[in-house]
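Scroll down for the structure; my scribbles are underneath it.
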Amino acid sequence: MPAFDFMTVVTFAAQIISASVVALLLFGFQRQYRKSYLKHWTAGWTALAVYHLASFAGLVLSSQYGASAVDPRRITAAVLAAVAGYAQIGWFLFAPYELVRRRPIRMIAARRILAGLVVFSLITTVLFLDRSSFSITRNVARVGVHAFLGGIGFLIASIALWRARKRSTGIGFTVLSTAYFFYALEQLQYAFLTVSWAVAGEIPRYLNALGYADFLLQSVLAVGVIACLLEDEREAAELAGAEIEHLAYHDALTGLPNRPLFIDRLIVSIAQSQRSGHKIAVMFVDLDRLKDVNDSLGHSVGDQLIKIAAERVRRCVREGDTVARFGGDEFTLLVPKIDSIEDAAKIANKILETVKIPMIVNDRELVATASIGVSIYPNDGLDAETLVRNADTAMYRAKDSGRDNYHLYAPAMNARALERLALENMLRKAISNDELVLHYQPLIDTNSRSMIGTEALVRWNHPELGLLSPAHFISVAEISGLIIPIGDWIIDTAMRQLKAWHRRVGPELRMSINLSARQFQQQDLVEQIRAALNRHGLPAPSIELEITESNAMQNAENTIRTLRELKNLGVRIAMDDFGTGYSSLNYLKRFPIDTLKLDQSFVQGVLTDSSDAAIVSAVISMAHSLDLEVVAEGVETEEQLAFLHKQRCDRIQGFYFSAPLASEDMERFLVARNAAAM
Ligand code: C2E
Ligand code: MG
Ligand code: MG
């Protein structure tokens, strides 16, 4: 017979009351916070209270009323205790599962597990029903199995909670995990105890102490639950706050920043630019004819189109730039740091090109275009509102001039930027359309006055604008990178021409070819020149490559290296426009060049400006002392020629002798001279 004394009553009472109080408390919380895990714990604690109550009732019935083991009241109590006990394990595991997984357990799964536990509890009750007066073994088996299963389950829950504890900053998980751990130990201790009871045949003295421990653990567990609840709530509140903030400053359809956030960022950028002095570009991007799409294909297609277009615009800009949705089909773009207005034009162009790529919406191919207005801080406005308004105005101008283009707010810039871009686009096709031509200007030996070579000078036969000089397109070609294919073409064409002339007038004639800065930086320039010489079967010394002094000085050490390699090929090197590029004498000595071409600005002043005359004569004697030939460019008069001759300038080039000529004219010239010489 188990002992039934005052202490037992107190222990049971404490356990029943504490479990009920916690259950009630959690029930209250659950109604307020509506958390599924609170529901499980409430149910768990209720089950625990029932379990203790039923166990206590069983004890009272047997020891106080001498009810037999098969007394229906005792069986009822035993069944109730078993069912409640196992259900409690289930609920006590569901709750931490949900906390760790951050989502409610599926209802079907929970019901099945609970049903399984109940069936199992009924089986153990029937199996171990104490039909005799009192069978220690049966009671031990019943209680022991339950405690053992609970212990293992809680141990697993404790580990899972421990591993998840780093997720939140609070102590809830730690407290819960610790409480579950000791709760598991206590349950396992119960299981062990019942076994030793069965073996030794008597109840260990510390059974009651274990009851108190149980009571204490329940309290800690309850504290852990409440701590977790509070942390959960705080986290949810923070998340909700972030969500609200995001909703307040972003557009729901595209996820882009909205108008207030855009204006905010623009104001910040303006403040930063006031300090740093950078330009800011503000663009107003409006999708053309979106209304037609909405009307004919429906708003959902229109929305899809906006979404795709928004994503494309976003991909055209860099990390620090802001693309915002301003309204229906209007986007605004903030580029907080641009170096020049051309940068903005480039971005606008990129957006136009990207938006134009056909998109598939609902299996339908659509092509959207945009009109863009650009305003620049500080040129077009000093505050956010003005900048946006002016960009808007410029956008309407873009719409007026036929859509699918951009307009800068400042009208003067517009013309220039547009012209430049149009030029670039046409230049792209110039090579394949055979619009580029080379003209040739003779180089004359000052003493003999005979022609020793020609300089190839490129021209663009523009279909609308006529013959364009390099001043009009070389810089565009440089910026756009088109100079590389154009340069290739020039080298090839000039060499082919020289070979043809060699056949007619002999191999002494030289050809000067200008190299641009970008060409000069090309890795395979040397290889390319070598290949061209081989292709056309030309002796290397008949080619003179011209590089301007300022280009040579851009990266002097690199220049020296490349020039050396070119020299090793055997070609001649001339430094063009000498006198305009600030090269030091030191470099002049180290550059492996053959010729100095005196810039025409000095030549033209030799008779009128005494300092020009002094410079020219000084440069000539300096060049001679460095063993360089001197060519004077831009010689237009007999007097200039006479002066240069007196200063012992080696060669001259200029209108006095001949302007650059088309190849047919040059050929006639050459043949005539050749015939005269014979
Ligand atoms: P540059 O190499 O110094 O060429 C001489 C320029 O002076 C040519 O102008 C020529 O027409 C001009 N000129 C010749 N004689 C006289 C004269 O007596 N008086 C005046 N006022 N000018 C004269 P162009 O053809 O317009 O070329 C300008 C510049 O463009 C060239 O200067 C050269 O730097 C560049 N360039 C020309 N062709 C090419 C080319 O094929 N490739 C590269 N990269 N640059 C080229
Ligand atoms: Mg030149
Ligand atoms: Mg020159």
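What to note about this one:
- Within region 267-279, the set of residues being assigned to a helix (DSSP H, G or I) and buried (at least 16 other Cβ atoms within 10 Å of the Cβ) comprises Ser269, Ile270, Ser273.
- Tally of residues being β-branched (Val, Ile, Thr), more than 16 Å from ligand 1 (Cβ to nearest atom) and either more than 47 Å from the chain's Cα centre (by Cα) or open to solvent by 30 Å² or more (accessible area, probe 1.4 Å) (or both) across region 536-570: 0
- Residue in region 579-597 that is open to solvent by 30 Å² or more (accessible area, probe 1.4 Å), small (Gly, Ala, Ser), touching a helix residue (DSSP H, G or I) at 6+ places or on another chain (Cβ under 7 Å) and within 16 Å of ligand 2 (Cβ to nearest atom) present: yes
- Scan of region 605-650 for residues that are open to solvent by 10 Å² or more (accessible area, probe 1.4 Å), of a type in the set (A, V, I, L, M, F, W, C) and in a helix (DSSP H, G or I), ordered by number: Ala613, Ala614, Ile615, Ala618, Val619, Met622, Ala642, Phe643
- Test result for Ile573, open to solvent by less than 40 Å² (accessible area, probe 1.4 Å), modelled with pLDDT of 85 or more, in a helix (DSSP H, G or I) and among the aliphatic types (A, V, I, L, M): no
- Residue match in region 325-346 (condition: farther than 22 Å from Gly255 by Cα and among the hydroxyl-bearing types (Ser, Thr, Tyr)): yes
- Checking each residue in region 180-196 for being open to solvent by 50 Å² or more (accessible area, probe 1.4 Å) and more than 16 Å from Ala209 (Cβ to Cβ) picks out Phe181, Val195.
- Test: residue in region 655-665 that is within 16 Å of ligand 3 (Cβ to nearest atom), under 56 Å from the mean Cα position of the chain (by Cα) and open to solvent by less than 10 Å² (accessible area, probe 1.4 Å): no
- Summed over region 205-251, residues that are under 16 Å from Ser18 (Cα atoms) and either open to solvent by 60 Å² or more (accessible area, probe 1.4 Å) or in contact with a strand residue (DSSP E or B) (Cβ under 8 Å, 6 or more places away or on another chain) (or both) total 5.
- Taken over region 445-478, the criterion of being of a type in the set (Val, Ile, Thr), crowded, with 16+ Cβ neighbours inside 10 Å and more than 15 Å from ligand 2 (Cβ to nearest atom) is satisfied by Thr446, Val476.
- Scanning region 550-576 for residues that are in contact (Cβ under 8 Å) with a residue 40 or more places away in the chain and either within 16 Å of Glu629 (Cβ to Cβ) or in contact with a Gly (Cβ under 9 Å, 6 or more places away or on another chain) (or both) yields a count of 4.
Conditions tested, residue by residue: (1) closer than 19 Å to Ile17 by Cα; (2) open to solvent by 10 Å² or more (accessible area, probe 1.4 Å); (3) in contact (Cβ under 8 Å) with a residue 40 or more places away in the chain.
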| site | (1), (2), (3) |
| --- | --- |
| His52 | yes, yes, yes |
| Gly58 | yes, yes, no |
| Gln88 | yes, no, yes |
| Leu93 | no, yes, yes |
| Pro96 | no, no, yes |
| Arg102 | no, yes, no |
| Val119 | no, yes, no |
| Leu122 | no, yes, yes |
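- Residues satisfying the stated conditions in region 550-578, i.e. more than 16 Å from ligand 3 (Cβ to nearest atom) and either under 20 Å from Gln653 (Cα atoms) or not polar (S, T, N, Q) (or both): Ala556, Glu557, Ile560, Arg561, Leu563, Arg564, Glu565, Leu566, Lys567, Leu569, Gly570, Val571
- Within the option set Ala157, Ala164, being modelled with pLDDT of 90 or more and open to solvent by less than 20 Å² (accessible area, probe 1.4 Å) holds for one residue only, Ala157.
- Residue in region 489-538 that is farthest from ligand 2 (Cβ to nearest atom), counting only those that are free of Cβ contacts under 8 Å to residues at least 40 places away in the same chain, of a type in the set (A, V, I, L, M) and in contact with a Leu (Cβ under 9 Å, 6 or more places away or on another chain): Leu533
- In region 3-25, the residues that are over 15 Å from Leu217 (Cα atoms) reach residues that are surrounded by 15 or more Cβ atoms within 10 Å (Cβ to Cβ) and hydroxyl-bearing (Ser, Thr, Tyr) with C-beta atoms within less than 7 angstrom, at least six apart or across chains, in these pairs: Phe4/Ser63.
- Lone qualifier among Leu185, Leu122, Leu176, Leu117 - being under 30 Å from Ala236 (Cβ atoms) and modelled with pLDDT of 85 or more: Leu176
- Failed item, numbered, when Gly481 is tested on (1) open to solvent by less than 20 Å² (accessible area, probe 1.4 Å); (2) at pLDDT 95 or above: (2)
- Of the residues making up region 589-602, those that are outside any loop (DSSP other than H, G, I, E, B) and under 30 Å from Ala659 (Cβ atoms) number 7.
- Taking strands (runs of 3 or more DSSP E) as the structural unit, those lying wholly within region 417-507 and holding at least 3 residues that are more than 12 Å from ligand 1 (Cβ to nearest atom) correspond to 451-462.
- Restricting region 252-264 to residues that are under 14 Å from Gln304 (Cα atoms) and not β-branched (Val, Ile, Thr), the residue that is most open to solvent (accessible area, probe 1.4 Å): Ala252
- Filter result for Ala391 (among the aliphatic types (A, V, I, L, M) and modelled with pLDDT of 85 or more): yes
- Here Ile89, Ile108 are screened, and the one residue that is out of contact with any Cys (no Cβ under 7 Å at 6 or more places or on another chain), at pLDDT 90 or above and either of a type outside the set (A, V, I, L, M) or under 17 Å from Leu176 (Cα atoms) (or both) is Ile89.
The values are calculated or read from the model by the stated rules, or taken from the named source; none is laboratory data. Since the structure is predicted, the reported quantities are computational estimates derived from the model, not experimental observations. With ideal geometry, Cβ positions are generated from the backbone for all residues, glycine too; neighbour counts draw on all protein chains shown. Side chains are part of the model used for accessible areas, which takes the heavy atoms of the whole protein and leaves out ligands, DNA and RNA. Shrake-Rupley method; radii C 1.70, N 1.55, O 1.52, S 1.80 Å.
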